């Protein structure tokens, strides 16, 4: 039998989650541990990884995401490979996910070995959450085939994967990576070499502000969570953050930011220059026909109804939508 086209390097939590994602989608994938271990240590690691994979699949089955009878078939698509099998496994790879510990030294050692053993056309990615793609690209032979790929946990559930490219990333490599990830049901989004990618950068601001409100006694953790799950969360599940600015109006953000900058903290709430520029240009979003997006020629009533439909869908899912009263209450 031929070797798998996909290889997750590092048998920890991230590697296991990636392996489940590909196996669930019908692909064979190798979970490769590059560390030289004793026979017993390798057997222990393999048993631990296999048990975690099976537990995750059983959890999905309990929630109705898959038929329990399919678990053995899905699990068998994951091949566990020790360091001795690295040359053969990497030599057949088309797409590699490096997921070793978050130190530059560990990344350097792993990426050197991956780059040396992989075919020239293989795509190499790092799943790092903290090291910039520009720091890692020089460590890879043929860096034009390299980019960071940030998965959101649990990797086998959350569809978005963030692709962070450097100036030397080949456009064809990026296109192939997107296509391969879309092929397993993921939603790849692309960003440049910036700390925090897209999601963690936005999340950190929201989480820190929530913690500050608890610290300042503004609201309890329970009240903040209720507000974010069923107020902010519902709306941002129906509208993207930038889409939300256009939908409500860039002027609303501009004035709200000015107020909060004056009353709470100027450094945290001052609007970026792009918002002021859009105000000056009259590009306020939906209400003026252009903002971050162009709405020229778009059926705006149909768009608004679609947004309402998305929001109602989230409300129904949360069990919060009530039918209208059938009689007038006293």
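Of all the listed residues (62, 13), the sole one being surrounded by fewer than 21 Cβ atoms within 10 Å (Cβ to Cβ) and modelled with pLDDT under 95 is 13. Restricting attention to segment 127-148, the residues that are outside any helix (DSSP H, G or I) and crowded, with 20+ Cβ neighbours inside 10 Å total 6.
For every residue, the table says whether it meets (1) surrounded by 15 or more Cβ atoms within 10 Å (Cβ to Cβ); (2) free of Cβ contacts under 8 Å to residues at least 40 places away in the same chain; (3) assigned by TED's automatic domain parsing to the domain that holds residue 171.
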{"residue": "184", "(1), (2), (3)": "yes, no, yes"}
{"residue": "187", "(1), (2), (3)": "no, yes, yes"}
{"residue": "203", "(1), (2), (3)": "no, yes, no"}
{"residue": "207", "(1), (2), (3)": "no, yes, no"}
{"residue": "211", "(1), (2), (3)": "no, yes, no"}
{"residue": "217", "(1), (2), (3)": "no, yes, no"}
{"residue": "224", "(1), (2), (3)": "yes, yes, no"}
{"residue": "232", "(1), (2), (3)": "no, yes, no"}
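Consider residue 89 against the criteria (1) more than 26 Å from residue 190 (Cβ to Cβ); (2) without any contact (Cβ under 8 Å) to a residue 40 or more places away in the chain; (3) surrounded by 15 or more Cβ atoms within 10 Å (Cβ to Cβ): it satisfies all of them except one. Which criterion is unmet? Among (1) more than 26 Å from residue 190 (Cβ to Cβ); (2) without any contact (Cβ under 8 Å) to a residue 40 or more places away in the chain; (3) surrounded by 15 or more Cβ atoms within 10 Å (Cβ to Cβ), the lone unmet condition for residue 89 is (2). Scanning segment 105-126 finds no residues that are under 30 Å from residue 232 (Cα atoms) and surrounded by 15 or more Cβ atoms within 10 Å (Cβ to Cβ).
Here residue 288 fulfils each of the conditions (1) under 16 Å from residue 231 (Cβ atoms); (2) without any contact (Cβ under 8 Å) to a residue 12 or more places away in the chain; (3) surrounded by 14 or more Cβ atoms within 10 Å (Cβ to Cβ) apart from (1).
The values are calculated or read from the model by the stated rules, or taken from the named source; none is laboratory data. Just so it is clear, the structure is predicted and the values come from calculations on it, not from any experiment. FYI the Cβ positions are ideal-geometry reconstructions off the backbone, even for glycines, and counts take in every protein chain you see.
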